[in-house]
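The values are calculated or read from the model by the stated rules, or taken from the named source; none is laboratory data. Model, not experiment: these values are computed from the prediction. Cβ placement follows ideal geometry from the backbone for every residue including glycine, while neighbour counts extend to all protein chains displayed. Note: accessible area is taken over every heavy atom of the protein model, side chains too, but ligands, DNA and RNA are not part of it. Shrake-Rupley method; radii C 1.70, N 1.55, O 1.52, S 1.80 Å.
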Amino acid sequence: MILAVDIGNTNIVVGCIKDKKVLFIERISTDQAKTELEYAVSFRTILDLYEIDKDTICGAIVASVVPPLNNIMTAAIKKVINNEPLLVGPGVKTGLNILMDNPAQVGADLIVNAVAGLKEYGAPLIMIDMGTATTISVVDEKKNYVGGMIIPGAKVSLDSLVNRTAQLPRISIEPPKKLVGKNTIDCMKSGILYGQAGMLDGMIDRIYEDFGREIPVVATGGLSGSIVPYCRHKIIYDNELTLKGLAEIYVKNTLEQ
């Protein structure tokens, strides 16, 4: 069994994988002010909640887009499982051919999702990850990571709208009563939910045009479950995609050596 941790700008996704099966997925807030002990306590609490004995965890892997937390997280995990985690980055084998101007700039989360996407769904493939940012990654028919798009996330857009207006309230991202809202809150709900869904549909259409045909689409991330059902394109929702990718990379760098 391995512990997999994905450090995002807003949330840290934590899960355990055993025999290629994700046993659980939990999220804790990303907080650069927390100490390694505080994160260690959070991990230990999650493991206790799922009745997982820390001694049954043979290793760990971390993907991060928050570099200041890397050393803190590594130390926290080592406190819990007494084992140094593998950090996704330069020198780590992924099996992914990245055709970018500067491959080192590609976020660890995007690489991990692409590795899982290829393993689970094949190529070509479009991958959408909806978190603090909404990222779209594209893998071609030769299994090359060819690039993508980075878009302000739904929550970031909503927070910006509320913070820059005097009368708009904070709302949750959920369906309005009707598409055409009859009050301010429903108008905001419709705008953020259907606006994000329409944006994804439009971006997918443009990628189809670029490829000259339709290709499969898979989505993951904390907000995907709320937005994807309202898209008109067929999009596979896979909440475990990132953890599956971390498990695959862990195997490539340990068991396959």
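Computed log10 I(q)/I(0) for the chain at 0.07, 0.15, 0.17 Å⁻¹: -0.26, -1.10, -1.30, from the Debye equation with unit scatterers placed on every C-alpha and solvent omitted.
Calculate what fraction, in whole %, of the accessible area of segment 128-257 sits on carbon and sulfur atoms when a 1.4 Å probe is rolled over the protein chains. Write out the running numbers ahead of the final one.
Numbers: 3530 of 6850 Å².
C and S atoms contribute 51 percent here.
Entry comment: accessible area of the chain is 51 Å² per residue, from protein heavy atoms only and a probe of 1.4 Å. In segment 107-257, Cα pairs under 8 Å separated by at least six residues give a relative contact order of 26 percent. Taking the chain as a Gaussian network of alpha-carbon nodes connected by springs under 10 Å, the highest mean-square fluctuation of the residues SER157, SER224, SER137 belongs to SER157.
Can you tally the net charge around GLY107? Count Lys and Arg as +1, Asp and Glu as -1, for every other residue whose Cβ sits under 12 Å from the Cβ of GLY107. Please report the intermediate quantities before stating the final value.
Details: positive: none; negative: ASP6, ASP109, ASP129.
Here the charged neighbours net out to -3.
Can you order the peptides 90-97, 142-149 by their average number of other Cβ atoms within 10 Å per residue, highest first? Don't skip to the end; give the middle numbers.
Numbers: 90-97: 13.2, 142-149: 16.8.
Ranking the peptides 90-97, 142-149 by packing returns 142-149, 90-97.
For segment 1-84, the gyration tensor built on C-alpha atoms gives a prolate shape. Its axis ratio a/c (a ≥ b ≥ c) is at least 1.5, and a/b is the larger of a/b and b/c.
Kindly identify segment 106-215 as rounded, prolate or oblate by the Cα gyration tensor criterion: order the square roots of the eigenvalues as a ≥ b ≥ c, call it rounded if a/c is under 1.5, otherwise compare a/b with b/c, prolate if a/b is larger, else oblate. Each step should come with its number before you reach the end.
Details: a/c = 3.01, a/b = 2.10, b/c = 1.43.
Because a/c hits 1.5 or more and a/b exceeds b/c, segment 106-215 counts as prolate.
Among DSSP bridges having both ends in the chain, what percentage is antiparallel? Round to the nearest 5.
Details: 27 of 43 bridges.
Of those bridges, close to 65 percent are antiparallel.
Among THR184, THR165, THR35, the largest mean-square fluctuation in a Gaussian network model of the chain, built with springs joining Cα atoms closer than 10 Å, belongs to THR165.
Against the chain, whose longest principal axis is taken from its Cα atoms, helix 184-211 shows a tilt of about 70°. Against the chain, whose longest principal axis comes from its Cα atoms, helix 36-49 is set at around 80 degrees.
GNM remark for the chain: springs join alpha carbons under 10 Å apart, and the peak mean-square fluctuation among ASN102, ASN70, ASN113 falls on ASN102.
I'd like the orientation of helix 108-121 relative to the chain: the angle between its Cα long axis and the longest Cα principal axis, in ° from 0 to 90, rounded to 10. With rounding to tens, the tilt is 90 degrees.
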